[in-house]
Amino acid sequence: SQQGEEDPQALSIQEGENATMNCSYKTSINNLQWYRQNSGRGLVHLILIRSNEREKHSGRLRVTLDTSKKSSSLLITASRAADTASYFCATDEGSNYKLTFGKGTLLTVNP
Amino acid sequence: DAGVTQSPTHLIKTRGQHVTLRCSPISGHKSVSWYQQVLGQGPQFIFQYYEKEERGRGNFPDRFSARQFPNYSSELNVNALLLGDSALYLCASSLVRSMNTEAFFGQGTRLTVV
């Protein structure tokens, strides 16, 4: 079963605009991670935020986590055509051996 | 340093056949996990191996099996293939067993069952 649900399922923006994706999950977590996947190939780790953190930044990425609402958001600022990809959130569900992924958000950045 | 490597990259098999997928983790990584990603969905956990022992198994039938070798590389085996087994199979390696660290994914093996 899939724990996280990303919203929206698809997002199309112009280069230079900001993109915001949301993720909701159902159970307690130790951490939440965001991954990017280009054209159905391997996943690339973007950022990990622990359950006791509320916000984290990495370059043009900003992630927030609200454990009371069981939700997270990923903001990509000043988007580029190269940001076009699917973005997935993944949680550990308190497990120490697996990640549970959502269905992803397909982001298209138009030049 | 090489990343996670998977072979083959693409594979076409017939229903009922058996398939073996291979994964080499990043040097020094002792944990290898396998995920199945069906088109349009997120990856689903199949197995985790750490220090050559199975540490976790997802909700997959017994047709799916795996093992980890002394050099920490891993194989995923699927018997009696079904059309529904068509998917991208992803291998991920990490330094430690826990999920409190990033996982590094290979480029995947695209399996098509006809």
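How long is the gain from B:Gln41 to B:Arg67 if the chain were fully straight, where each residue apart is worth 0.36 nm and the alpha carbon distance is subtracted?
Taking 0.36 nm per residue and subtracting the Cα distance, the gain is 6.8 nm.
For the stretch B:1-66, report the convex hull volume of the alpha-carbon atoms normalised per residue, in Å³, without decimals. Provide the component values of the computation, followed by the final result.
Details: hull volume 7.7 nm³, N = 66.
About 116 Å³ per residue, rounded to a whole number.
What residues from the stretch A:42-79 fall in the zone where the backbone N is under 14 Å from a label point 7 Å along the Cα-to-C-beta line of A:Asn18?
A:56-58, A:60-64, A:73-79
How well do other chains shield peptide A:84-96, expressed as the mean number of their Cβ atoms within 10 Å of each residue Cβ? Kindly include the intermediate steps, with their values, before the conclusion.
Values: counts 0, 0, 2, 0, 4, 1, 6, 1, 3, 2, 1, 5, 9.
Mean inter-chain Cβ contacts per residue within 10 Å come to 3.
Please compute the average number of Cβ atoms from other chains found within 10 Å of each residue's Cβ in peptide A:38-48.
5
Amide H to amide H, which residues 5 or more places from B:Thr5 or on other chains are under 5 Å from it, using H placed in the peptide plane?
Under 5 Å from the amide H of B:Thr5 lie the amide H atoms of B:Ser24, each far enough along the sequence or on another chain.
Given a cut-off of under 8 Å on Cα pairs at least six residues apart, what relative contact order in percent is computed for chain A?
Numbers: 283 pairs, mean separation 43.0, N = 111.
Worked out over chain A, it gives 39 percent.
Quick one: net charge around B:Asp85, please, counting Lys, Arg +1 and Asp, Glu -1 for every other residue with C-beta under 14 Å from its C-beta.
+3
Write out the trypsin sites (Lys or Arg not before Pro) in the stretch B:50-114 meeting two conditions: DSSP loop, and at most 16 other Cβ atoms within 10 Å of their Cβ.
B:Lys52, B:Arg63
Over the protein assembly as shown, average the accessible area per residue using a 1.4 Å probe and give it in Å², no decimals.
45
In chain A, how many lysine pairs have Cα atoms under 17 Å apart, counting only pairs 8 or more places apart or on different chains?
6
Rounded to whole Å, give me the distance from the Cα center of the stretch A:25-59 to that of the stretch B:1-79.
Answer, in whole Å: 22.
Testing the spin-label approximation: label points 7 Å from Cα along Cα→Cβ at B:Ala80 and B:Val96. State their distance in nm.
The answer from the label model is 4.0 nm.
If you wrap a convex hull around the C-alpha atoms of the protein assembly as shown and split its volume per residue, what is the figure in Å³?
So the per-residue hull volume is 118 Å³.
Would you mind telling me the share, in percent, of accessible area of the protein assembly as shown contributed by carbon and sulfur at probe 1.4 angstrom?
47
Bin width 5 Å, alpha-carbon pairs only: give the P(r) of chain B as whole percents, running from 0 to the bin holding the largest distance.
It works out to 2, 13, 24, 26, 19, 10, 4, 1, in whole percents.
Could you work out how far apart the two model spin labels at A:Arg80 and A:His57 are, taking each label as a point 7 Å from the Cα in the direction of the beta carbon, and quote it in nm?
The answer from the label model is 1.9 nm.
Show me the trypsin sites (Lys or Arg not before Pro) within the stretch A:70-109 that DSSP assigns to loop and that have at most 13 other Cβ atoms within 10 Å of their Cβ.
A:Arg80
Which distance in nm do the two modelled labels at A:Asp66 and A:Ala10 give, with both placed 7 Å along the Cα-to-Cβ direction?
Going by the 7 Å Cα→Cβ label model, 2.8 nm.
To the nearest hundred square angstrom, how large is the accessible surface buried between B and A, total for both chains, probe 1.4 angstrom?
Details: alone 6210 and 5990 Å², together 10180 Å².
About 2000 Å² of accessible surface is lost on pairing.
With N set to the residue count of chain A, report its C-alpha Rg divided by 2.2 N^0.38 Å to two decimal places.
1.00
The values are calculated or read from the model by the stated rules, or taken from the named source; none is laboratory data. Quick caveat, the model's predicted, so the values are computed rather than measured. For neighbour counting, all protein chains shown are included, and Cβ atoms are generated from backbone atoms with ideal geometry for every residue, glycine included. For the accessible areas, the whole protein counts, side chains as well, though only heavy atoms, and no ligand, DNA or RNA atoms are used. Shrake-Rupley method; radii C 1.70, N 1.55, O 1.52, S 1.80 Å.
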